[in-house]
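Structure record follows, encoded as structure tokens.
Every read-out reported here was derived from the displayed coordinates using simple, explicitly stated rules and does not represent laboratory data. Predicted model only: the values in this text are computed from it and were never measured.
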Amino acid sequence: MGNEGLFSVMNIASSGLYAERTRMNIIANNIANANTTKTADGKPYRRKFPIFSSALQKEMGGSSRDDRKLGGVRVDKVKTSTDPFKKLYIPGHPDADDDGFVLSPNVSSANEMVDMIVASRAYEANLSIMRSANRMISRTLQAFRQ
């Protein structure tokens, strides 16, 4: 693998780091709002989640059979869940209806924690790739110095 390939690997891994960091920020926001029964629009908080896509770039020129090359991953958009709100019986709550029920966010802290572990492991994997590529580049530079 040439240096161009190593830099490409680093670019792909860094795009993965950015995407997973964004995912972790969204998860943290979901957890922070897991008990928010009233937002600015008067409704409970709705869970958000990222949509990832592969970043494919067109090669400039060349007559390769495949005219695309891998460019990493990106966060295409952040979607809002349409899952129904939880209905909890909490009479006396300021947001309770006449029957004592409160609409609660559609956020499951347990699911968010599982998602956070997955995102954290993916982040660590991309970081490991960056470190390996960095070591390979350093060794290549050392070989040229000798």
Could you work out how far the C-alpha centroid of segment 14-32 sits from that of segment 75-129, in angstrom?
-> 14
What list of ³J(HN,Hα) values in whole Hz, one per residue of segment 31-38 in order, does the Karplus curve 6.51 cos²θ - 1.76 cosθ + 1.60 (θ = phi - 60°) give from phi, with Gly and Pro shown as x?
-> 5, 5, 9, 4, 10, 7, 8, 9
Amide H neighbours of Gly72 under 5 Å, at least 5 residues apart or on other chains, H built in the peptide plane: list them.
-> Ala55
